[in-house]
Amino acid sequence: MAEERPGAWFGFGFCGFGQDPGSGREHQVLSPEPLRAGGDICHVSASWSYTALVTRGGRVELSGSASGAADGCRDAWASEGLLVLLRDRSGSRAELQAWPPGSGLRGEPLWAQDPEAEEGDEPGAEGRTGLLPLLPGSRAYVSLQPPLRRALAPELRARRLELGIEHALLLDAAGQVFSWGGGRHGQLGHGTLEAEPEPRPLEALQGLPMSQLAAGGWHSVCVSETGDIYIWGWNESGQLALPTRSLAEGKRTDTGEDEGLNEDGSKVERAAEAPAPFIAIQPFPALLDLPLGSEAVGVSCGSRHTAVVTRTGELYTWGWGSWIQSRKQQAGGQASFPERGWQRGLFGIR
């Protein structure tokens, strides 16, 4: 099961389906609010329209567009098309189950399998625990498309695995990052926009051991063992905290810079400005500095926003914020730089 972290869990952002338990059925949750479940929460997995909460007593509870509960749960991974549970069965072994989110966890799962059925050949494999979508034994992972269980190459000793919309990231035991899948938005970090069918190490990060990683919809982030942040991929909403054209144009319009007039009503003639260095796609990992030289210890991504927790317990968020997911106080707009928000609680980081 996922490593337990002390402290409360908080949620904020779009809540039109009630996927933030504790806030009622509000359209938006403007400030972080404690999540509520029938027990002490040890793990949260959030999809767009519903949330899965796992308690220390082994109970999974769904809130939002999907509802229901079940006992004997070790871990849960929520997506819009599939809910994957790791549940206890006879003895000390577990069963991997895939459910339709709208099933209410009633009846039979779509698919069930012993996640360690093919992993006992390697000595010591059974002792390595996975963190969904990485499976126990760390030699296979969950896929949203059939086959649901996909094997990893034997030489890949995975420590963590994250899935984006079109790509996958893997952190191995030595702290090296691998990526594969679609690359049209630079989300693989290899310097091209080409797809990669098999895991490929990021050459730009060779010799820099990483401790955490996260995959957004079409962007990627990792944190080094020394607390540095590296980020790459699509920057359409400022999710990389790099300059983006849409944010600059929006700011110019908000301040009225495009409508300046002289006293006689004539239009102000402005000197030609050099084009700003906007970044739509960052195909290589870029080093990102947090304010005040803060060091990161945790990272999580939504589809088009990013969140980081520092060693001192601060939460920074940036990117698309139309539903308050980047901790802006008013809906609409984006943040292309890290904004400090709520301390010591993050919905989605585990």
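The values are calculated or read from the model by the stated rules, or taken from the named source; none is laboratory data. Note that the structure is predicted; figures quoted are calculated from it, not measured. Cβ placement follows ideal geometry from the backbone for every residue including glycine, while neighbour counts extend to all protein chains displayed. The protein model used for the area step is the full one, side chains on, heavy atoms only, and it has no ligands, DNA or RNA in it. Shrake-Rupley method; radii C 1.70, N 1.55, O 1.52, S 1.80 Å.
Per residue of region 9-16, what does 6.51 cos²θ - 1.76 cosθ + 1.60 with θ = phi - 60° give for ³J(HN,Hα)? Whole Hz please, x for Gly and Pro, Karplus curve as stated.
Using θ = phi - 60°, the values come out as 9, 10, x, 7, x, 5, 9, x Hz.
Calculate the spin-label point distance for residue 206 paired with residue 71, positioning each point 7 Å from the Cα along the beta-carbon direction, and give it in nanometres.
5.4
Could you sort 211, 237 by their accessible area in this structure, using a 1.4 Å probe and putting the largest first?
Greatest to least solvent exposure: 211, 237.
Could you pull out every residue, at least 5 positions away or on a different chain, whose amide H is within less than 5 Å of the one on residue 239? Hs are placed 1.01 Å off N in the peptide plane, and Pro or chain starts have none.
Excluding prolines and chain starts, which carry no amide H, the hits are 320.
Check which residues have an amide H placed less than 5 Å from residue 75's amide H, if you skip close sequence neighbours.
For residue 75, the qualifying residues are 86.
Heads up, I need the accessible area for residue 141: 1.4 angstrom probe, whole protein in place, Å², nearest 10.
20
Keeping every protein chain in place, order 108, 198 by accessible area at 1.4 Å, biggest value first, i.e. largest first.
108, 198
Simple spin-label model, 7 Å along Cα-to-Cβ: residue 174 to residue 112 in nm?
Going by the 7 Å Cα→Cβ label model, 4.0 nm.
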